[in-house]
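The values are calculated or read from the model by the stated rules, or taken from the named source; none is laboratory data. Owing to the predicted nature of the structure, the values given are computational and were not obtained by experimental measurement. In this analysis, Cβ positions are derived from the backbone assuming ideal geometry, glycine residues included, and neighbour counts consider all displayed protein chains.
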Protein chains: 2
Amino acid sequence: MAKGPKNAISPTRAENYPEWYQQVITAADLAEDSDVRGCMVIKPWGYAIWENIQRRLDAMFKATGHENAYFPLFIPMSFLEKEAEHVEGFAKECAVVTHHKLVPDGEGGLRPDPESKLDEPLIVRPTSETIIGATFARWVQSYRDLPILINQWANVVRWELRTRKFLRTTEFLWQEGHTVHAAREQAEDETRLMLDVYAAFAEQHMAMPVIKGEKTAGERFPGAVATYSIEAMMQDRKALQAGTSHFLGQNFAKAQEIMFQSEEGQREYAWTTSWGVSTRLVGGLIMTHSDDDGLVLPPKLAPAHVVILPMHRNDEERDMVMEYVSNLKGALEAQLYDGEPIRVRVDSRDLRGGEKKWQWVKKGVPIRIEIGPRDIAQGGFKPARRDLSGPPQDLVSAEAFVASAASILEEIQQGLFDRAAKLRDEATVEIDDLKQFEEFFAAKAPGGLAYAYFTDGPEMEAKCKALKITPRCVPLDDDPQPGKCLFTGAETTKRAVFARAY
Amino acid sequence: MAKGPKNAISPTRAENYPEWYQQVITAADLAEDSDVRGCMVIKPWGYAIWENIQRRLDAMFKATGHENAYFPLFIPMSFLEKEAEHVEGFAKECAVVTHHKLVPDGEGGLRPDPESKLDEPLIVRPTSETIIGATFARWVQSYRDLPILINQWANVVRWELRTRKFLRTTEFLWQEGHTVHAAREQAEDETRLMLDVYAAFAEQHMAMPVIKGEKTAGERFPGAVATYSIEAMMQDRKALQAGTSHFLGQNFAKAQEIMFQSEEGQREYAWTTSWGVSTRLVGGLIMTHSDDDGLVLPPKLAPAHVVILPMHRNDEERDMVMEYVSNLKGALEAQLYDGEPIRVRVDSRDLRGGEKKWQWVKKGVPIRIEIGPRDIAQGGFKPARRDLSGPPQDLVSAEAFVASAASILEEIQQGLFDRAAKLRDEATVEIDDLKQFEEFFAAKAPGGLAYAYFTDGPEMEAKCKALKITPRCVPLDDDPQPGKCLFTGAETTKRAVFARAY
């Protein structure tokens, strides 16, 4: 989208990336700050993107044998105490419910009623391993009850000090999968299966290329034996962890007494997993594709694929244009894209054409069509693609456009993926020299993703801290040869991807 | 479903209706108590019913111009203070967050960190008029911004003393619609439109006949000018409020400063509405249709329409039966019922046939089909309908069954509605004599729904209290003639429906 010298979003990505991000959200009307510290209001356009994410992911979870259920928002404080690493990870940032009644404070306001103090405080769930684990302990008796494959769509709360819309908010929406298995190998398989589901979703639906890998010890989920993640690279070359899948071993089974009678009649601890993605994905979507004119949406997740803007100067023109538009809308909606009817919006608000057009540019709708009497007289219109710069395309007839709409959408979807993959690949390096590594991540260097041999330990962590980077993951599809740890010089065959990160 | 002298659910409805209700929930595996007081775990079969309710209602909301959004879980305490009746209604039963960190208590446990005490406590939303109203105040500037038509799917918390699964739980899932309008009449129209949507959903999807009406003053939502509800009658002749729609006048607009510039340039307070239904609907569904053998599901909301139970005694039989079953499943899934593919489950667990069959009876699946080698040899099978007692129907060929499956499902759906409507109509009386009214609601009388002339006031309320009943609503489609108030003798043209209620 070229708009001459001036762009719709100020500042631009080059000028101030973090501020550009906030301005894209505002310009696309995705979300806004609420009256509660760290919590946002997700506005209809932002929520519609989340609904599309939910619908697609939910189908993928069900196709892999999972069922949805719902567990309590509250977790008794004592539950958190049972898994030592888990409490360490979450007790420092949780909302604590201590009373169940308000009474007048005598000054015209309210205060918590001391009489209503709870015997045991309740925590608003930051994640549900403990409360779901306690439930699973009741569900599991015999190996015949296994596996249990459950997912929950829910809100969670983590009392974050520094928040940023979608990327890190005190309350956020997510799904958390929780599964129980009779054997270690089955739980490990499940952990990696769901990582694959996340990667497929990110790449095929979000058009966001990701690296699948295992987290280093310092980046593991509190209480997990192994944490896997998908890592994407944003346009500022910082990494974004977009989803995690945890192999919990028997840690939570032991903390919550999830035991079963094996086929051989032994009582054994079960093996569990958990995995989740959140509204953070919307932040990743924004930062992967958007440009200096605002949001750019991959068609598969766009609330509208096509927006039609009728143009007319009087009632007569209006009637003619609206009839044409209504027919076009109907014809488009009869076409399928990605297995669903093409989603069409008609914006017939009484608003200046330019203003209206720019609102939809900023909202990222893949295809815009302005239709006025002249277009109809000419026998067609000029669709504008959000992913391409320059003026709208050639004149096409309505019939030709309707027939090709689904393939144009797929071309846009694939084009966004290719562009993001190219940007990432160009910003990816293999480094086997510490000095080069330090230069790559020097404060003023653009940075990116650096593959380097490493051994997990204090030397690596200290160097990362100094460079303000983190090991993102040890890629699963990497095939490293024997090499030397960049930080200790020790022999190793493990490589990690290092990056600045959100 | 006859099972000879003994039924699958004990006690039966006649023996102990409240306990029967709990046992149906357990037998169908819908929900269970959690480790948190008053909160339940919604298990996969129960949650799948809720998902079907959500999907259908969500489509109806969108078809009437509403968009989904998401607002914070927490409400600053001071927000509750702004609307006097509202605080009166909700301050007494809310979860209060006072701290945001836990620290070791020195005895191996945890306690809220006094250092983390919040300056202002936060309330876990019992309903969101206040926080959404504060947001709307920012969204609304001019009459051009109106109407605002928003819905939210969310969890809410009310600290109920006595809870019962689905019907009344501390945390529950619901949707809450919130709208803003420029004129009183538009807000009133919206209030009644959504009442109509709820009534249509209840009758057409839940097969649950309802009465639409306006609540009396004592039963209004705290802060509303008028509250409308749909009221259903359960099999124990008690009424269940299944959905409410509130005309809030300018009360919340004034409390939250929701103002707009009118077409004439005046600054005016807006008019708002709110409306909601919750997981309570699942309770209503259970109590409307289920019988002494367990859950009975109306096909439109059943997670599975048809369950196929393959029967075989050896590997050879198994291969033959499973091939037949797989073909049948595919053929059924190619058929549409209610606009969606017919939902088929195959239960091939290694379990005794009788036990398996009874599990599905208790889960309420509309049609069960047992298929063994003999059926295949005979060229067909005998489908069993959950809504009919007696043995399975006549032998039908697979082709004939597939061709008629959708119409059988529709027949079941309609049959359940008719049965419920008949039960309700038989339990409905018109009473214009106080003594008769007292006898109708005497402690040992079966009760039901009583239409009676009334005037809203203390005499009516005192009598209702004494009889342990409530005025459910003033039916909208009633056409009462002038009459005499049953409680005061005053002239009136208003009739209410009175009943014992959940």
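Could you tell me which residue of region A:94-119 is nearest to A:ASN151 (Cα to Cα), considering only residues that are surrounded by 15 or more Cβ atoms within 10 Å (Cβ to Cβ) and more than 7 Å from chain B (Cβ to nearest Cβ)? Walk me through how you get there before you give the answer.
Our first condition is that a residue be surrounded by 15 or more Cβ atoms within 10 Å (Cβ to Cβ); within region A:94-119, this holds for A:94-103, A:110-113, A:116, A:118.
Still in the list and also more than 7 Å from chain B (Cβ to nearest Cβ): A:103, A:111, A:113, A:116, A:118.
Working: A:VAL103: 39, A:ARG111: 37, A:ASP113: 37, A:SER116: 34, A:LEU118: 30 Å.
Among those that are surrounded by 15 or more Cβ atoms within 10 Å (Cβ to Cβ) and more than 7 Å from chain B (Cβ to nearest Cβ), it is A:LEU118.
Are any residues in region B:390-412 part of a helix (DSSP H, G or I), more than 31 Å from the chain's Cα centre (by Cα) and surrounded by fewer than 17 Cβ atoms within 10 Å (Cβ to Cβ), and if so, which ones?
As a first pass, look at region B:390-412 and keep what is part of a helix (DSSP H, G or I): B:398-412.
Applying the additional criterion that residues be more than 31 Å from the chain's Cα centre (by Cα) yields B:398-403.
Those that are part of a helix (DSSP H, G or I), more than 31 Å from the chain's Cα centre (by Cα) and surrounded by fewer than 17 Cβ atoms within 10 Å (Cβ to Cβ): B:GLU399, B:ALA400, B:ALA403.
Within region A:189-278, which strands (runs of 3 or more DSSP E) (wholly inside it) include 2 or more residues that are under 18 Å from the mean Cα position of the chain (by Cα) and under 24 Å from A:LEU297 (Cα atoms)? Explain how you work it out, then say what you get.
On the way: elements: A:211-214, A:226-233, A:239-247, A:259-261, A:267-269, A:271-278.
Hits in region A:189-278: A:211-214, A:226-233, A:239-247, A:271-278.
Out of the residues in region B:156-188 that are part of a helix (DSSP H, G or I) and acidic (Asp, Glu), state the one that is nearest to the other protein chains (Cβ to nearest Cβ). Outline the logic, then answer.
Narrowing region B:156-188 to residues part of a helix (DSSP H, G or I): B:184-188.
If we keep only those that are acidic (Asp, Glu) too, we end up with B:185, B:188.
Numbers: B:GLU185: 22, B:GLU188: 24 Å.
So, considering only residues that are part of a helix (DSSP H, G or I) and acidic (Asp, Glu), the one nearest to the other protein chains (Cβ to nearest Cβ) is B:GLU185.
Anything in region B:39-84 that is at pLDDT 95 or above and of a type in the set (Gly, Ala, Ser)? List them, or say none.
B:GLY46, B:ALA48, B:ALA59, B:ALA63, B:GLY65, B:ALA69
Could you list, in sequence order, all residues of region A:17-43 that are more than 17 Å from the chain's Cα centre (by Cα), more than 14 Å from chain B (Cβ to nearest Cβ) and among the hydroxyl-bearing types (Ser, Thr, Tyr)?
A:TYR17
So which pairs qualify, if the first residue must be in region B:121-135 and more than 10 Å from chain A (Cβ to nearest Cβ) and within 13 Å of B:GLN175 (Cα to Cα), the second must be aromatic (Phe, Trp, Tyr) and not in a helix (DSSP H, G or I), the Cβ gap must be under 7 Å, and the two must be at least 6 apart or on different chains?
Cβ pairs passing all conditions: B:SER128/B:PHE71.
Given (1) more than 21 Å from A:GLY364 (Cβ to Cβ); (2) assigned to a loop (DSSP other than H, G, I, E, B), where does A:ASP387 come up short, assuming only one miss?
That leaves (1) as the condition not met.
Yes or no, residue by residue, for (1) in contact with a helix residue (DSSP H, G or I) (Cβ under 7 Å, 6 or more places away or on another chain); (2) within 28 Å of A:LYS165 (Cα to Cα):
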site	(1), (2)
B:VAL41	yes, no
B:GLU67	yes, yes
B:PHE79	yes, yes
B:GLY89	no, no
B:LYS101	yes, yes
B:GLY106	no, no
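Report, by residue number, each residue of region A:44-65 that is in contact with a helix residue (DSSP H, G or I) (Cβ under 7 Å, 6 or more places away or on another chain) and at the interface with chain B (Cβ under 9 Å from one of its Cβ atoms).
The answer is A:TRP45, A:GLY46, A:TRP50.
Please give the number of the condition B:LYS6 fails out of (1) closer than 30 Å to B:ALA226 by Cβ; (2) more than 8 Å from chain A (Cβ to nearest Cβ).
That leaves (1) as the condition not met.
Under 25 Å from B:ARG385 (Cα atoms), in a strand (DSSP E or B) and not hydrophobic (A, V, I, L, M, F, W, C) - does that describe any residue in region B:299-310? Before you say what the answer is, go through the steps one by one.
Looking only at region B:299-310, we keep the residues that are under 25 Å from B:ARG385 (Cα atoms), and these are B:299-310.
Filter again for in a strand (DSSP E or B), leaving B:306-310.
Then keep just the ones that are not hydrophobic (A, V, I, L, M, F, W, C); that gives B:310.
The answer is yes, given that some residue of region B:299-310 is under 25 Å from B:ARG385 (Cα atoms), in a strand (DSSP E or B) and not hydrophobic (A, V, I, L, M, F, W, C).
Of the residues A:PHE381, A:PHE441, A:PHE417, which single one is out of contact with any Asp or Glu (no Cβ under 9 Å at 6 or more places or on another chain) and surrounded by 18 or more Cβ atoms within 10 Å (Cβ to Cβ)?
Values: A:PHE381 fails: out of contact with any Asp or Glu (no Cβ under 9 Å at 6 or more places or on another chain); A:PHE417 fails: out of contact with any Asp or Glu (no Cβ under 9 Å at 6 or more places or on another chain).
Answer to the selection: A:PHE441.
Which residues, counting only those in region B:459-477, are touching a Phe, Trp or Tyr at 6+ places or on another chain (Cβ under 9 Å), surrounded by fewer than 16 Cβ atoms within 10 Å (Cβ to Cβ) and either of a type in the set (Asp, Glu) or in the same structural domain as B:SER245 (by TED's automatic domain parsing) (or both)?
Hits for region B:459-477: nothing passes.
When region A:288-308 is examined, which residues are found to be closer than 18 Å to A:ALA405 by Cα and either free of Cβ contacts under 8 Å to residues at least 40 places away in the same chain or surrounded by fewer than 22 Cβ atoms within 10 Å (Cβ to Cβ) (or both)?
As a first pass, look at region A:288-308 and keep what is closer than 18 Å to A:ALA405 by Cα: A:296-308.
If the condition is that a residue be closer than 18 Å to A:ALA405 by Cα and either free of Cβ contacts under 8 Å to residues at least 40 places away in the same chain or surrounded by fewer than 22 Cβ atoms within 10 Å (Cβ to Cβ) (or both), then A:PRO303 is the only one that fits.
Under 8 Å between Cβ atoms, which residue pairs at least 6 apart in sequence (or on different chains) link something in region B:70-91 that is surrounded by fewer than 24 Cβ atoms within 10 Å (Cβ to Cβ) with a partner that is assigned to a loop (DSSP other than H, G, I, E, B) and among the basic types (Lys, Arg)?
Sorted first by the residue in region B:70-91, then by its partner, the pairs are B:PHE90/B:ARG158; B:ALA91/A:LYS101.
Filtering region B:335-352 down to residues that are in contact (Cβ under 8 Å) with a residue 24 or more places away in the chain and part of a loop (DSSP other than H, G, I, E, B), which residue is nearest to B:VAL402 (Cα to Cα)?
Just the residues of region B:335-352 that are in contact (Cβ under 8 Å) with a residue 24 or more places away in the chain, to begin with: B:335-338, B:342-348.
Those still in the list that are part of a loop (DSSP other than H, G, I, E, B) too: B:335, B:338, B:342-343, B:347-348.
Details: B:GLN335: 8, B:ASP338: 15, B:ILE342: 10, B:ARG343: 12, B:ASP347: 19, B:SER348: 21 Å.
The extreme case among them is B:GLN335.
Please enumerate the residues belonging to region A:329-346 that are of a type in the set (Gly, Ala, Ser) and crowded, with 16+ Cβ neighbours inside 10 Å. Spell out how you get there, then give the answer.
Let us first name the residues in region A:329-346 that are of a type in the set (Gly, Ala, Ser), namely A:330-331, A:334, A:339.
Selection gives A:ALA331 alone.
So which residues in region A:109-147 are in contact with an Asp or Glu (Cβ under 9 Å, 6 or more places away or on another chain) and β-branched (Val, Ile, Thr), if there are any at all?
Across region A:109-147, the qualifying residues are A:VAL124, A:THR127, A:THR130, A:ILE131, A:ILE132, A:THR135.
Given the conditions (1) within 27 Å of the chain's Cα centre (by Cα); (2) more than 7 Å from chain B (Cβ to nearest Cβ), which single one is not true for A:LEU73?
(2)
For the list (1) within 11 Å of chain A (Cβ to nearest Cβ); (2) closer than 30 Å to B:ASP196 by Cβ; (3) part of a loop (DSSP other than H, G, I, E, B), I need the number of the one condition that B:LYS82 fails.
(2)
Select, from B:ALA224, B:ALA202, B:ALA207, B:ALA187, the only residue that is on the phi > 0 side of the Ramachandran plot and buried (at least 21 other Cβ atoms within 10 Å of the Cβ).
Numbers: B:ALA224 fails: on the phi > 0 side of the Ramachandran plot; B:ALA202 fails: on the phi > 0 side of the Ramachandran plot; B:ALA187 fails: on the phi > 0 side of the Ramachandran plot.
The conditions single out B:ALA207.
Mind checking which residues of region B:450-467 are more than 14 Å from B:ARG500 (Cα to Cα) and either among the aliphatic types (A, V, I, L, M) or over 28 Å from the mean Cα position of the chain (by Cα) (or both)?
Step one: list which residues in region B:450-467 are more than 14 Å from B:ARG500 (Cα to Cα), which gives B:452-460, B:462.
If the condition is that a residue be more than 14 Å from B:ARG500 (Cα to Cα) and either among the aliphatic types (A, V, I, L, M) or over 28 Å from the mean Cα position of the chain (by Cα) (or both), then B:ALA452, B:TYR453, B:PHE454, B:THR455, B:GLY457, B:PRO458, B:GLU459, B:MET460, B:ALA462 are the ones that fit.
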